[in-house]
Every structure is written in C-alpha cells, then in structure tokens.
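Q: The structure that follows is given in the form of structure tokens.
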C-alpha cells in the first residue's frame, strides 16, 4: 500500500512508520518538521520510507504536500500530527487568539490534505483515512486540555462526515482514541506521570508501539469496518 503519515518522526508517528515499513510491500511517506535526526534514521533504516520536511502551519507548504499526493497513488492517509503543546491552562485564562491559532494550525492543514487524498481515493475507488484522536474525546479531559480536546473532537466529527459521504466510493474513515502516552510531547510534570502509572490498572503507561498496532489493524481490515472510533485505554 501507498501510505502517507502526517506527523511521523517521533512518538506515535515514528512507531507507526516503523511498523508499517517493516512490510516491504508498503511505500511510506511521512511529514516532519523539527526532528531531522529521527527522519534521517528512518530513511536510512528502511528503503521504502520517504520523509517530507514541512511546516504544516504554513499554507504554501501544505499546498506542496497536496501537490505531492497526486503523484503518490495514495491508498491510506493517517492524520497523526498535532502542532503545539496540548497542555494549556484553565479555560477562562486562555486568550481567544490561542483557540483561533490552534484551530488554524491543526485542523485547516488536515482538512486541506484529506480533501486532496479523497480526490485520489475517489478516482481509485479505494481509500482509508485513519485519524488519531485522544481518550479525552471519549472521557472528561483533565484541566488544561480544553483546546486540545476540542480540536480532536472537531476531527472526530469530520471523520463521521467522511465515513458517511465517501463509503460509496469504497473509502473508509476510522479513528483511534488512545489514552496518554509518555512521548515527551506534552510538558507534564514527572510526578503526575508517576501518579498516572500508580493509578493505571496495568501499572504502566500506554506505549506508542501498542497504539501503532491498532492503526495497522485499521489499514489491514475489511472496508466493512467504517466509522469506528477505537479506544486504546485499559482503564475503561
């Protein structure tokens, strides 16, 4: 399969690249911005992997990715990137511009890129969209995550529209909602992470590798599986 991962050089994205690239039948493209070392390492390790250095907060750069999609003969798009620290502050302390900026940086690029992917999928009469959400879409988010949770909920609603509108073209749209993963993505105090481990039924935090397996399932599964949101959360 030809697979594009938006956000693939660290954390869950990196684990997903490695898992999918282990199948030599797959061709993997992934975007990244700052983590040049990981991107280079992945490209050297797998000859079926192509990193794309891009700042998705810049409209012209997103347009460049969209132009590239038409040359990839794409089968799968995985929306995994998130720009900025998901942890903010209490809702009433957040400036309006922060909401606007986060929406512009995180939702608008995904919308433009997914629209382009759907154009390709419609011509092929096949396609899979996988959206990485958060357990905060299913459960009550902790204090300070109102912007992050709202953005993920918006993407969830978009995915519901996609799975309804495009299944007639053999295009599916599914989601996963993992609980917290310790990837260095968010500036959470180590003491809070230790408390999470203590409270967790398995006494350990979810790993990106475990979530990548669920993404792979949604890529490998029948087109009959459409419109699902899979929680990856042992505490439910």
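The values are calculated or read from the model by the stated rules, or taken from the named source; none is laboratory data. Treat the numbers as computed from the prediction; the structure is a model and nothing was measured. Quick reminder, even Gly has a Cβ in these numbers, built from the backbone with ideal geometry, and neighbours come from all protein chains shown.
Q: Counting only residues that are crowded, with 22+ Cβ neighbours inside 10 Å and in contact (Cβ under 8 Å) with a residue 60 or more places away in the chain, which one in the range 127-139 is farthest from the chain's Cα centre (by Cα)?
A: Among those residues, the one meeting the criterion is 128.
Q: Something else: Quick one: which residue in 130, 137 is outside any helix (DSSP H, G or I), in contact with a strand residue (DSSP E or B) (Cβ under 7 Å, 6 or more places away or on another chain) and at negative phi?
A: Answer to the selection: 130.
Q: I want to confirm something. Restricting to the range 10-24 and keeping residues that are free of Cβ contacts under 8 Å to residues at least 60 places away in the same chain and buried (at least 18 other Cβ atoms within 10 Å of the Cβ), which single residue is farthest from the chain's Cα centre (by Cα)?
A: Taking the candidates together, the pick is 21.
Q: Still on this structure, please answer the following. From the residues in the range 38-58 that are in a loop (DSSP other than H, G, I, E, B) and in contact (Cβ under 8 Å) with a residue 12 or more places away in the chain, which one is farthest from residue 73 (Cα to Cα)?
A: 57
Q: Return yes or no: is residue 120 modelled with pLDDT of 95 or more, in a helix (DSSP H, G or I) and in contact with a strand residue (DSSP E or B) (Cβ under 8 Å, 6 or more places away or on another chain)?
A: Yes: the conditions hold for residue 120.
Q: Answer with yes or no whether residue 87 is more than 16 Å from the chain's Cα centre (by Cα), assigned to a loop (DSSP other than H, G, I, E, B) and surrounded by 19 or more Cβ atoms within 10 Å (Cβ to Cβ).
A: no
Q: Across the range 140-157, what is the total count of residues that are in contact with a strand residue (DSSP E or B) (Cβ under 6 Å, 6 or more places away or on another chain) and more than 25 Å from residue 217 (Cβ to Cβ)?
A: 0
Q: Being in a helix (DSSP H, G or I), at pLDDT 95 or above and in contact with a strand residue (DSSP E or B) (Cβ under 8 Å, 6 or more places away or on another chain) is the filter; apply it to the range 14-37 and report the residue that is farthest from residue 133 (Cα to Cα).
A: 21
Q: OK, next. From the list 27, 105, which residue is farther than 22 Å from residue 175 by Cβ, out of contact with any helix residue (DSSP H, G or I) (no Cβ under 6 Å at 6 or more places or on another chain), crowded, with 16+ Cβ neighbours inside 10 Å and touching a residue at least 24 places away in the same chain (Cβ under 8 Å)?
A: The conditions single out 27.
Q: Inspect the range 66-78 for any residue being touching a strand residue (DSSP E or B) at 6+ places or on another chain (Cβ under 8 Å), assigned to a loop (DSSP other than H, G, I, E, B) and closer than 25 Å to residue 149 by Cβ and give the result as yes or no.
A: So far as the range 66-78 goes, no, none of its residues is touching a strand residue (DSSP E or B) at 6+ places or on another chain (Cβ under 8 Å), assigned to a loop (DSSP other than H, G, I, E, B) and closer than 25 Å to residue 149 by Cβ.
Q: Looking for whichever is modelled with pLDDT of 95 or more and not in a loop (DSSP other than H, G, I, E, B) here; the options are 225, 176. Which one fits?
A: When all the criteria are applied, what remains is 176.
Q: Would you pick out the residues in the range 140-173 that are crowded, with 18+ Cβ neighbours inside 10 Å, assigned to a loop (DSSP other than H, G, I, E, B) and out of contact with any helix residue (DSSP H, G or I) (no Cβ under 8 Å at 6 or more places or on another chain)?
A: 144, the sole residue that qualifies.
Q: In the range 30-43, which residues are surrounded by fewer than 20 Cβ atoms within 10 Å (Cβ to Cβ) and more than 15 Å from the chain's Cα centre (by Cα)?
A: Listed by number, the residues that qualify are 34, 35, 36, 37, 38, 40, 41, 43.
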